[in-house]
Amino acid sequence: MRTALITGITGQDGSYLAEFLLKKNYRVVGMVRRSSTENFERIEHLQDKIELRQADLLDQLSLITLLEDVRPQEIYNLAAQSFVPTSWEQPVLTAEFTALGVTRLLEAVKLVDRSIRFYQASSSEMFGKVRETPQNEKTPFYPRSPYGVAKVYGHFLTVNYRESYDLFACSGILFNHESPRRGKEFVSRKISYNVARIRLGLSNELKLGNLKAARDWGYAGDYVRAMWMMLQQEEPQDFVVGTGRAHTVQDLVEIAFDHVGLDWKKHVKLDPALVRPAEVDHLIADATRACTILKWKPEVDFEGLVRMMVDADLEYVRRETAASGKS
Ligand code: NAP
Ligand code: GDD
């Protein structure tokens, strides 16, 4: 039985990856940081199948001890401060988690066991003000947020440790991927959650920023498969992962409202406070290498994804409302 260690297991991707690896018969260990209240909503259903260990990307010794105790064959480094707007408000903390956290973890790998296979969660946000369209593994980076800058650091550090120490370290440059487990502050979930609330008569308005921004949105369940595939190759390599189709925020809004029979123009209000200091206007992946070398392909399309999220949020809001009625 192989052992995989997932940092960020309480996040969206961590929960899907844990499910995927359990199905592949892995021993799955999740790293969680200490908190005064537990935040295990996304992995509640897996609690008796996975092991959770405390450590923190900010604490070097905790990472070394973790690797010595767990002895994983594979590490998936998904933990990060991942919300782009927060990175302007807390740029130093974002760099500590999202950039230097990668150094601390790779140093622990170097010290404890150099045969560990390492996956770094890199991001299409690194392409930022895009230098070419679509974006592939050779497209130069031009990040547009402190988050994007931190991810570029983590990406190149992964490449550098592979080249310097011969580690099996891979970087997955993943485009936006969503699901019913997405945090409510990200635009897809903000839309699906609020569409459900409006449909159920609990509110009437949805405030958004830039409706013209375009992203290559896919389904998180498809993307965790690509992470695992990268660590099963003979040689460590970096891959772009995305659907090759881009849509605007407005497209997402239209499909979501349309799915519940509402006219979005009656409910969506533009809020300049939600417009970012520097925007990433248009991202679209050229995932040819992932499709040909990994044989990866997405199974859920954009329209299916948006409808899945709205349906899940109709159920979620009904449960939320019933629970608040009882308390
Ligand atoms: P997410 O839902 O925001 O989850 C982030 C995870 O990181 C949470 O489990 C969080 O733990 C953990 N974490 C944050 N700071 C930590 C620290 N100091 N020590 C230990 N754990 C810490 O993110 P996601 O959407 O699953 O994304 C996973 C990774 O992929 C992230 O690195 C993200 O930047 C990257 N990525 C995501 C996308 C996307 O579209 N989803 C695309 C490209 C790259 P708590 O629960 O304790 O907060
Ligand atoms: N969050 C949010 N809220 N975004 C909005 C809003 C709003 O009210 N209105 C418009 N947007 C626009 C943003 O300006 C951005 O252009 C787009 O919607 C997507 O925003 P997010 O869903 O917050 O995602 P992101 O693209 O900034 O970042 C996500 O994808 C990256 C990969 O490209 C995150 O998951 C990152 O961690 C990830 O690396």
Query raised in the report: Out of the residues in the range 70-111 that are of a type in the set (Phe, Trp, Tyr) and part of a helix (DSSP H, G or I), which is most open to solvent (accessible area, probe 1.4 Å)?
Result: 88
Report task. Report the residue count in the range 285-304 for those that are aliphatic (A, V, I, L, M) and either in contact with a His (Cβ under 7 Å, 6 or more places away or on another chain) or open to solvent by 30 Å² or more (accessible area, probe 1.4 Å) (or both). Result -> 2
Query raised in the report: Can you spot a residue in the range 246-255 that is more than 11 Å from ligand 2 (Cβ to nearest atom), in contact (Cβ under 8 Å) with a residue 60 or more places away in the chain and open to solvent by less than 10 Å² (accessible area, probe 1.4 Å)?
Result: no
Query raised in the report: When you look at residue 173, is it surrounded by 22 or more Cβ atoms within 10 Å (Cβ to Cβ), among the β-branched types (Val, Ile, Thr) and closer than 15 Å to residue 216 by Cα, yes or no?
Result: yes
Query raised in the report: In the range 88-99, what residues are more than 10 Å from ligand 1 (Cβ to nearest atom) and polar (S, T, N, Q)?
Result: 90
Query - Answer residue from the range 184-216, given it is open to solvent by less than 10 Å² (accessible area, probe 1.4 Å) and not aliphatic (A, V, I, L, M) and is farthest from ligand 1 (Cβ to nearest atom) among those - result: 192
Query raised in the report: Taking the range 305-325, which residues are of a type in the set (Gly, Ala, Ser) and surrounded by fewer than 12 Cβ atoms within 10 Å (Cβ to Cβ)?
Result: 322, 323, 324, 325
Requested in this report: List every residue pair whose Cβ atoms sit under 6 Å apart, with the two residues 6 or more apart in sequence or on different chains, where the first one lies in the range 166-182 and is small (Gly, Ala, Ser) and the second, anywhere, is more than 9 Å from ligand 1 (Cβ to nearest atom) and part of a loop (DSSP other than H, G, I, E, B).
Outcome: 169/236; 171/238
Query raised in the report: Hey, among 127, 83, which residue is farther than 27 Å from residue 291 by Cα and in the same structural domain as residue 68 (by TED's automatic domain parsing)?
Result: 83
Query raised in the report: Of the residues in the range 100-126, how many are more than 11 Å from ligand 1 (Cβ to nearest atom) and under 30 Å from residue 244 (Cβ atoms)?
Result: 2
Requested in this report: Give the number of residues within the range 158-191 that are closer than 30 Å to residue 301 by Cα and in a loop (DSSP other than H, G, I, E, B).
Outcome: 10
Query raised in the report: Within the range 122-149, how many residues are in a loop (DSSP other than H, G, I, E, B) and open to solvent by 20 Å² or more (accessible area, probe 1.4 Å)?
Result: 14
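The values are calculated or read from the model by the stated rules, or taken from the named source; none is laboratory data. Just so you know, these numbers come straight off a predicted model, no measurement behind them. No Cβ is skipped: glycine too gets one built from the backbone with ideal geometry, and neighbour counts run over all protein chains shown. Accessible surface is based on the protein model in full, side chains and every heavy atom, while ligands, DNA and RNA are left aside. Shrake-Rupley method; radii C 1.70, N 1.55, O 1.52, S 1.80 Å.
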